[in-house]
1. Among 324-335, 283-294, how do they line up from the highest to the lowest mean number of other beta-carbon atoms within 10 Å?
2. For the stretch 294-351 and the stretch 90-128, what is the separation of their Cα centres, given in Å?
3. Are there any helices in the chain, counted as whole DSSP H runs, that stretch 24 Å or more along their axis by Cα and score at least 1.0 on average by Kyte-Doolittle, and if so which?
4. Could the peptides 72-82, 312-322 be put in order, highest first, of the mean number of other beta-carbon atoms found within 10 Å of their residues?
5. Quick one: divide the alpha-carbon radius of gyration of the stretch 269-351 by 2.2 N^0.38 Å and tell me what you get.
6. As a test of the definition: which semi-axes, in Å, follow for the chain when you take the square root of five times each eigenvalue of its alpha carbon gyration tensor? Largest first, please.
7. Once the Cβ-Cβ distance between E262 and N312 is put in as r, and R0 is 56 Å, what FRET efficiency do you end up with, to the nearest 0.05?
8. For the residue pair K142 and R181, what label-to-label distance in nm results when each label sits 7 Å from Cα along the Cα-to-beta-carbon direction?
Amino acid sequence: MANTYATFCVVLTQYLLLVLVEGTSKVPAIIVFGDSTVDAGNNNQIQTIARSNFEPYGRDFDGGKPTGRFSNGRISTDFISEAFGLRRTVPAYLDPAYRISDFAVGVTFASAGTGYDNATSDVLSVIPLWKELEYYKDYQRKLKAYLGEEKAKQTLAQALYVMSLGTNDFLENYYTLNERRSQYTIDQYQVFLVRIAKKFVENLYGLGARKISLGGLPPMGCLPLERTTNFMGGNECMQTYNIVATAFNDKLRSLVGKLNEEMPGIRVVLSNPYPILMQMVQKPSAYGFDDTSVACCASGMFEMGYACARNNPFTCTNASKYVFWDAFHPTEKTNRVIVDHLMKTSLSVFL
Ligand SMILES: *[C@@H]1O[C@H](CO)[C@@H](O)[C@H](O)[C@H]1NC(C)=O
Ligand SMILES: *[C@@H]1O[C@H](CO)[C@@H](O)[C@H](O)[C@H]1NC(C)=O
């Protein structure tokens, strides 16, 4: 009798512990869509020049490996995954080194160079956003086969979906090529992009997603590449681009409000990197940074991708002293500071 009671107590304790553990891991997986800010190597598997799977990229990553992340180390979604108690890194869906058992807790469908607009992904022949969604559907099928229908559905509903894109639509497409500029004013173009973002979230919702982080734009005019071209303005940040980023973020904020109202059970947040990144650019010493106007790699003025090649004598020795790793992308340190900030603000509701 005593034995039975002891067994009952042990079983009950185990059950309670299980409930507690399950209760604390509210986000069982991180599922990512977007551009180079969150690509972990999908572009290595397609024909494009938008790549970074060579040195010195990844020199501060685990094992110094150039994975295809556009940074010296980890990117924001890696830090988000870690902050939710999941893995240190979120692997790329097309990377043959990983399988569904890895992707079950985190996966990125992102492709460097892509945007909301199909015409943006065409520029460098990268994966358009609609195709990222097709890969996600394929992932759902595999996850259901791996976890079973019920468990997979639960995971997909509780997972955090992170979207990070938009900069390329403006800098690589609208302000560089004529087509969209001849069709839309800058304000109309923003409305066009926000409509695509809305449709995308609706599609995700229809497929079972409930927790979504929509990424805002950074102060695009302060990216070293843009500052370099601003020779008329003394290489200061390009105000025009920062104003557009702010206006677009405002439109995304209203979209988030609308989505939360229209779709029962959904929780969408705007994860806006603009203010914290601007603070780093304006008060670098507060974060231990020396340089904000040029990047670490090579001359730091315009190099990214293949132009940021190995053995360039000008590449800095300590990337943590720089806000930007190459002319377009933040260092690991910057990514970490941004995520620390987001975890305390927009993403805290999912903890
Ligand atoms: C982008 O291309 C896909 C595939 O051709 C198409 O289904 C979608 O409607 C296009 N999106 C826009 C906004 O034109
Ligand atoms: C790199 O710079 C950071 C920030 O200033 C500093 O904390 C760190 O000690 C430096 N690392 C090395 C190896 O010098």
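The values are calculated or read from the model by the stated rules, or taken from the named source; none is laboratory data. Because the structure is predicted, anything quoted here is derived from the model rather than measured. FYI the Cβ positions are ideal-geometry reconstructions off the backbone, even for glycines, and counts take in every protein chain you see. Note: areas computed on protein heavy atoms with side chains; ligands, DNA, RNA excluded. Shrake-Rupley method; radii C 1.70, N 1.55, O 1.52, S 1.80 Å.
1. Details: 324-335: 26.8, 283-294: 14.7.
Going by the mean number of other Cβ atoms within 10 Å, highest first, we get 324-335, 283-294.
2. Centre-to-centre (Cα) distance: 20 Å.
3. Values: long enough: 2-24 (33 Å, 1.23); 129-147 (26 Å, -1.22); 186-206 (30 Å, 0.18); 239-262 (34 Å, -0.42).
Length and hydropathy pass: 2-24.
4. 72-82, 312-322
5. Values: Rg = 14.0 Å, N = 83, 2.2 N^0.38 = 11.8 Å.
For the stretch 269-351, the normalised Cα radius of gyration comes out at 1.18.
6. Details: eigenvalues 260, 111, 76 Å².
Three semi-axes, in Å: 36, 24, 20.
7. Working: r = 50 Å, r/R0 = 0.89.
Taking R0 as 56 Å, the efficiency between E262 and N312 is 0.65.
8. Rounded to a tenth, the inter-label distance reads 4.1 nm.
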